[in-house]
1. Scan the stretch A:102-112 and tell me whether some residue there is surrounded by fewer than 16 Cβ atoms within 10 Å (Cβ to Cβ), within 21 Å of the chain's Cα centre (by Cα) and within 12 Å of chain B (Cβ to nearest Cβ).
2. Can you tell me which condition residue B:116 does not meet? The list is (1) in contact (Cβ under 8 Å) with a residue 12 or more places away in the chain; (2) more than 19 Å from residue B:32 (Cβ to Cβ), and all the others hold.
3. For the stretch A:78-89, does any single residue satisfy the condition of being modelled with pLDDT of 95 or more, over 16 Å from residue A:27 (Cβ atoms) and over 14 Å from the mean Cα position of the chain (by Cα)?
4. Hey, residue B:56 hits all of (1) more than 8 Å from every other protein chain (Cβ to nearest Cβ); (2) under 13 Å from residue A:40 (Cβ atoms); (3) among the polar types (S, T, N, Q) but one; which does it fall short on?
5. Filtering the stretch B:59-103 down to residues that are in contact with a helix residue (DSSP H, G or I) (Cβ under 7 Å, 6 or more places away or on another chain) and farther than 23 Å from residue B:24 by Cα, which residue is farthest from the other protein chains (Cβ to nearest Cβ)?
6. Do you know which residues across the stretch A:78-95 are of a type outside the set (A, V, I, L, M) and within 14 Å of another protein chain (Cβ to nearest Cβ)?
7. Pull up the stretch A:19-51, narrow it to residues that are modelled with pLDDT under 95 and not in a helix (DSSP H, G or I), then point me to the one that is nearest to the other protein chains (Cβ to nearest Cβ).
Amino acid sequence: MAEIVKKRPKYLNLLEIKLPLPGWVSILHRVSGAGLFLMLPPLIWLFGLSLGSPDNIETFKAITGHPLAKLILLGLLWAYLHHFCMGIRILLLDMHKGIEKAQARASAVAVLVVSLALTVVLGVKLLW
Amino acid sequence: MVNPNPRIVVGAGYGLKDWLIQRVTAGVMAIYTVLLALFLALYGDGFEGWRAIMANGLVRFITFIFILSLCYHAWVGIRDIWMDYVKPTGIRLTLHVLTALVLLGNAGWAAQIIWRL
């Protein structure tokens, strides 16, 4: 009997496959995590300025008042919130909650919607 | 005899530990985030209020735990990214080491900010 040899590991061509929505939400978890990691030094710097001398606080205000900085901070706020919501979804999936296809799809949509809505609400409150 | 399951220099750690730590640190950070949001909503009035919150002994204590959790969490997460996309051992090891060093430095820097208050 001929032995069937499966090619493992299997690599998917990311440019050819069509990713379902939960897949996108999942890859955004990775993208947001990587973005937050890369932006840690500027964030810690701003954190230090916000807790520093009056001069530091003036610098903090000048930086965070710049439109480009606001845009970047809004992006990081989204990254944090998306990572947070997706993290909770992962913890629930780990506990075998919502693992049916329909529920898992619904929770993926919820992660996307809730994190975007929170970004708008908190972004307006904190940045503008 | 050839070892059928050779250990790789830049492998994941071969166990449950990293998976579990990723969940535990996530839980710690989630609870901290909600607590800090609550403190900010209650007492975070301007830069003075913000400073008063962060200078509080208990907040400083949990903020330090948050910083350590974040850096360990980021270590596991970023290392997983390198392991998925970077195959040559030398480059991967270099990236692992750089990631760990950057995170250690960040942790020390952030801890120093909260402790000088």
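The values are calculated or read from the model by the stated rules, or taken from the named source; none is laboratory data. Everything numeric in this text was worked out from a predicted model, so none of it was measured. Cβ coordinates were reconstructed from backbone atoms using ideal geometry, including for glycine residues, and neighbour counts include every protein chain displayed.
1. There is no residue in the stretch A:102-112 that is surrounded by fewer than 16 Cβ atoms within 10 Å (Cβ to Cβ), within 21 Å of the chain's Cα centre (by Cα) and within 12 Å of chain B (Cβ to nearest Cβ).
2. For residue B:116, the exception is condition (1).
3. So far as the stretch A:78-89 goes, no, none of its residues is modelled with pLDDT of 95 or more, over 16 Å from residue A:27 (Cβ atoms) and over 14 Å from the mean Cα position of the chain (by Cα).
4. For residue B:56, the exception is condition (2).
5. B:92
6. A:80, A:82, A:83, A:84, A:85, A:87, A:89, A:94 - these are the residues of the stretch A:78-95 that are of a type outside the set (A, V, I, L, M) and within 14 Å of another protein chain (Cβ to nearest Cβ).
7. By that ranking, first place goes to A:19.
For (1) surrounded by fewer than 15 Cβ atoms within 10 Å (Cβ to Cβ); (2) over 18 Å from residue B:110 (Cα atoms), each residue gets a yes or a no:
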site: A:16; (1), (2): yes, yes
site: A:23; (1), (2): yes, yes
site: A:27; (1), (2): yes, yes
site: A:32; (1), (2): no, yes
site: A:38; (1), (2): yes, no
site: A:42; (1), (2): yes, no
site: A:46; (1), (2): no, no
